[in-house]
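Down below is the structure, laid out as structure tokens.
Where a number appears in this text, it was derived from the coordinates with a stated rule and is not lab data. The model shown is predicted, which means the values in this text are computed figures rather than measured ones. A quick note on method: Cβ atoms are made from the backbone with ideal geometry, for glycine too, and the neighbour counts reach across all protein chains shown.
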Amino acid sequence: MIKLSRRLQRIADYVTEGARVADIGSDHALLPVYLLQIGKCPSAIAGELNAGPLQAAKKQAADAGLKSRISARQGNGLAVLEPGEADTVTIAGMGGSLMSAILEEGHASGKLVGVKELVLQPNVGEDEVREWLLEKGWFLAAESILEEDGKIYEVLHAVNDPNAASQNQSIYNGDFLGLAYEKELLHRVLLRMGPYLLRESSPVLTLKWKSEIKKLERIIAQMSGSELAESAAKAEQFRKEIGIIEEVLQCLQTGIR
Ligand code: SAM
């Protein structure tokens, strides 16, 4: 039986028992193979854009004796799916922009019709993914953050729910932070840092945003040599960003939420 990394395991944990799963950008098809091996899913589609990873996915499925139940298909994003073929779509290990573009194209071409849940693990740009889910009426049911091999990952679980709008309204209500920010800024903070992650306020979340502050400080220091007005404006914007992150972390630490 395949042993998954903690990151992939967390994704697997969110998949609903009995779901027909489509893993998009499946590379070695580790997730589909595992889900079938443990009996959580009856069948899976492993979608891959590139030939090399597709071959690796096919080999993994064959080696596990699951060739007949894992369909490895080459194609761009959700194009590999027929509408109604999957209950769960997982996408992991790529940037939030690419992930949102894949979801948007899939949504526009009807490939998400009948899909009940999305399990998404963007490497960066989590806010873009949260924003896409919100705009398209997916309920963000859960999210988690974990550290593995010095990297921090966020996993989002969204479900197709008729009450998504009102449920999202409630989770994206930032009053719990106790910050006197304008509505729009507060909303951006929740999209960026995660409405559940902020409520849970784990040490890994603090670690992530402290390291983000360090990154921004390094960029500001690099810009300080430039005399361009644009650099000064950008540096000022980053300083404001740091200020906001620090305020949010401060309020999490003091437990005002
Ligand atoms: N999902 C696996 C994981 O999280 O361990 C593999 C992640 S790997 C870094 C990203 C994979 O996505 C690569 O195999 C790449 O070929 C594939 N990929 C990138 N863009 C894609 C697209 N538009 N459609 C399908 N697959 C894509």
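Relative to the dominant Cα principal axis of the chain, helix 183-193 is inclined by about 50°. Each other residue within a Cβ distance under 13 Å of K116 adds +1 if Lys or Arg and -1 if Asp or Glu, for a net charge of -4. What's the FRET efficiency of K234 with S211 using the Cβ-Cβ distance as r and R₀ = 30 Å, to the nearest 0.05? After rounding, the FRET efficiency stands at 0.90. The angle between the Cα long axis of helix 126-135 and the main principal axis of the chain comes to about 70°, on a 0 to 90 degree scale.
Stretched out straight at 0.36 nm per residue, the stretch from S68 to E135 would grow longer than its current Cα-Cα span by 20.4 nm. Per-residue ellipticity at 222 nm from helix content only, as computed over the chain with -39500 (n - 2.57) for each DSSP H run of at least four residues, stands at -15000 deg cm²/dmol.
Close amide-amide hydrogen proximity is noted between R73 and A46, G47, E48, each under 5 Å apart and 5 or more residues distant or on a separate chain (H modeled in the peptide plane; Pro and chain starts excluded). With neighbours defined as other Cβ atoms within 10 Å of a residue's Cβ, the residues I70, I245 order from fewest to most as I245, I70. Distance from the alpha carbon centroid of segment 31-58 to that of segment 197-250 works out to 38 angstrom. Mean sequence separation of contacting Cα pairs (under 8 Å, at least six apart), scaled by the length of the chain, corresponds to a relative contact order of 13 percent. Taking the DSSP beta bridges with both ends in the chain, the antiparallel portion is around 40 percent. With R₀ fixed at 35 Å, the C-beta to C-beta distance from Q167 to E227 puts the FRET efficiency at about 0.10. Here's how it looks for I2: its modeled amide H is under 5 Å from none belonging to a residue 5 or more places away or on a different chain.
Positive-end ranking of H187, L133, M94 along the dipole of the chain, with charges on Cβ about the Cα centre, is headed by M94.
Axis angle, to the nearest 10 degrees, between helix 203-223 and the longest C-alpha principal axis of the chain: 60 degrees. For the pair N76 and Q253, label points projected 7 Å from Cα toward Cβ lie 4.7 nm apart.
In order along segment 109-115, the phi-based Karplus estimate (6.51 cos²θ - 1.76 cosθ + 1.60, θ = phi - 60°) of 3J(HN,Hα) comes to 9, x, 6, 8, 4, x, 6 Hz; Gly and Pro are listed as x. Taking each residue as 0.36 nm, the span from E105 to D149 lengthens on full extension beyond its C-alpha to C-alpha distance by 12.6 nm. For the chain, a crude dipole built from +1 on the beta carbon of Lys and Arg and -1 on the beta carbon of Asp and Glu, taken about the Cα centre, is about 700 debye to the nearest 20. Each Lys or Arg adds one and each Asp or Glu subtracts one; over the other residues with Cβ under 13 Å from the Cβ of F139, this totals -1.
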